[in-house]
Amino acid sequence: MIRTKIENLIRKFVSKETSFSVVYPSRKEYGDYSVFLPLKEAKIVQEKIERERPHFLEKTEIVPPGFLNFYLKKDFLIKTLKKILKEKERFGSQRSKNTVLIDYSSPNIAKSFGIGHLRSTIIGQALYNIYKFLGWRCIGINHLGDWGTQFGKLIYQIKRKKISLKSLTIDKMEKLYVQFHKEAKENPEIEEKARWWFKKLEQGDKEAKKIWRVCKKASLKEFDRIYRLLGVKFDYILGESFYKDKTKEVVEELKKKKIVHQSQGALIVEFPDKQLPPAMILKSDGSTTYFVRDLAAIKYRLKRWNPDLFIYEVGADQTLYFKQLFRVVELLKWKGKKRFVHIAHGLIRSKEGKFSTREGKTIHLEEVLEEAIRRARKIIEKSETSKNLSEREKIKICKVVGIGGIKYQDLSSYHTKDIIFDWNKILTLKGNSGPYLQYTYARSRSVLKKAKTIRKNFKTLSLCNFEIKPEEMEILRTIYKFPEVVEDAGYNFSPNLICEFAFKLAQRYNLFYELYPIIEAENSKIRDFRLALSAAVSQILKNSLSLLGIEVLEKM
Ligand code: ARG
């Protein structure tokens, strides 16, 4: 990677104490990379680099008060263009010996899949794809919320209202919850009954287990439908219930290492420095908590996969929780050199503020996805190009565009930020959106299809013995960066960097497309070059979108 090469060069020539970072300049006049150093040092570095003059460098320039700018050679950019065409979807992929475990999506059963779990699902899957591309062994886990006191409530309601298990749907279960909470306000002792049922469930009571199993099955049926629609996959669906008999061992270890103590009957951790509030390990009736099940999951995961990195893609409302959890992992001395990160995502809000229905209920994700597909249909029906499409093609296109739009809006803003849900932005063909990128891809593909015969000439494309237009140059100066952008996106847990990159590339390609004839270019050399450029752009757009989990279309 060129950026790494430049970094290494600079490191060779600066004094040990100097810290620096190589960045992409904000303006194209400043070259392809820039580093800020004390002016004297910048001059020394420049001199030494100029003496070595690596093959990819055209020139370097100093801009006071200490910027050292690097300009890449046209030759190098053309070579990279060819490399893209040769390596195709492998361009930029890496090898690594590391393992990452990604805990994502993880909805709670017996509740419908709300829009709240969308971000975890989409960002988690994108991080999975990115790390895989970077060569890591990836373990993707859906830590399903299928255990906890809430099932006590549900079982209590099902028993009391004599609900037939065969008729259970998520909707019904949700209603039962809502009723429970209403009733508990007037009649608080039913909370006790619910706890009692959960305790029975933990002790393996046959009837409780049977009801729980039916609830889980009905929920998974709905979740599966959504995962299929979203094209999201997991290596393992290991819910919290999987760890229920693995918590004992953890409790023993916590006791042995003197990390826990009794407090009003419950077992809690108090943190030595009191920086964090205490965390509950076992409730006063001895039942397990979300916390201890997470600890048991970590122990299990360490033993089974020994990951170097743990990523938890979970909402920002659990920030404190994960601080406590990771701290306990340290206290247990499980951490070693491993990294534990919580990728905390913000909320999805509506323009009016909170994102909920008029009755204040959560928005069902499935309804949102269906709405996206319906709205995509309206756009497609209106477009010129849809005239020759068959009904089957239209259905496919609407799905890819609708779902792609939803995913893109989720991924394109930095994960900690809240998202303002806006249909007009999600499904626009003009602007930073999924459909815009898909459209640009289809556009570049259609040029290539029209020019079938000429594509063979890419390999013999000669090196820069013709004039390259500034807009073409800008494309070359963008596409070669793809591997670096993917690396940044992975190591900073920021798929939004890939969105930004792809959007910029699409804009540059569209500008070029509007300015210059491709198939009708002045001569065959230029035509071949422009086709090669189009092929590389479509490849890089496709690679970017595929890392984001967004499909592309050959026509739309
Ligand atoms: N089910 C939880 C929730 O919806 C998220 C679980 C996240 N993963 C974990 N290992 N705690 O809030």
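General remarks:
- Protection proxy ranking, peptides 105-114, 310-319, average beta carbon neighbours within 10 Å, highest first: 105-114, 310-319
- Here the chain is assigned +1 on the Cβ of each Lys and Arg and -1 on the Cβ of each Asp and Glu. Its dipole about the Cα centre then comes out at about 1520 debye.
- Computed over the alpha carbons of the chain, Rg followed by Dmax gives 27.7, 85 Å.
- Debye, to nearest 20: dipole size of region 157-258, +1 on Lys, Arg Cβ, -1 on Asp, Glu Cβ: 300
- A prolate overall shape is assigned to region 70-209, the ratio a/c of its alpha-carbon gyration tensor axes (a ≥ b ≥ c) being 1.5 or greater and a/b exceeding b/c.
- Averaging Cα coordinates gives a centre for region 192-259 and one for region 514-531; these two points are 61 Å apart.
- The chain: antiparallel DSSP beta bridges as a percent of all, rounded to 5: 50
- Against the main long axis of the alpha-carbon atoms of the chain, helix 189-202 sits at an angle near 70°.
- Extension gain from Ser413 to Ile468, taking 0.36 nm per residue of separation minus the Cα-Cα distance: 16.4 nm
- Global form of region 236-349, assessed from the alpha-carbon gyration tensor, a/c cut-off 1.5: rounded
- Database remark: amide H of Ile419 closer than 5 angstrom to the amide H of Leu347, Ile348, Arg349 (H placed geometrically; neighbours at sequence offset of 5 or more, or on other chains; Pro and chain starts carry no H).
- Summing Cβ point charges (Lys, Arg +1; Asp, Glu -1) relative to the Cα centre of region 369-516 gives a dipole of roughly 860 debye.
- Placing a label point 7 Å from the Cα of Lys303 along the Cα-to-Cβ direction, the residues of region 122-166 whose backbone N falls under 20 Å from that point are 139-144.
- Principal-axis tilt of helix 434-450 within the chain, Cα atoms, nearest 10 degrees: 40
- Close amide H contacts of Lys59 (hydrogens built in the peptide plane, cut-off under 5 Å, sequence separation of 5 or more or a different chain): Tyr71.
Every read-out reported here was derived from the displayed coordinates using simple, explicitly stated rules and does not represent laboratory data. All of these numbers come straight from a predicted model, not from anything done at the bench. Positions of Cβ are generated from backbone atoms using ideal geometry, with glycine treated the same way; all protein chains shown enter the neighbour counts.
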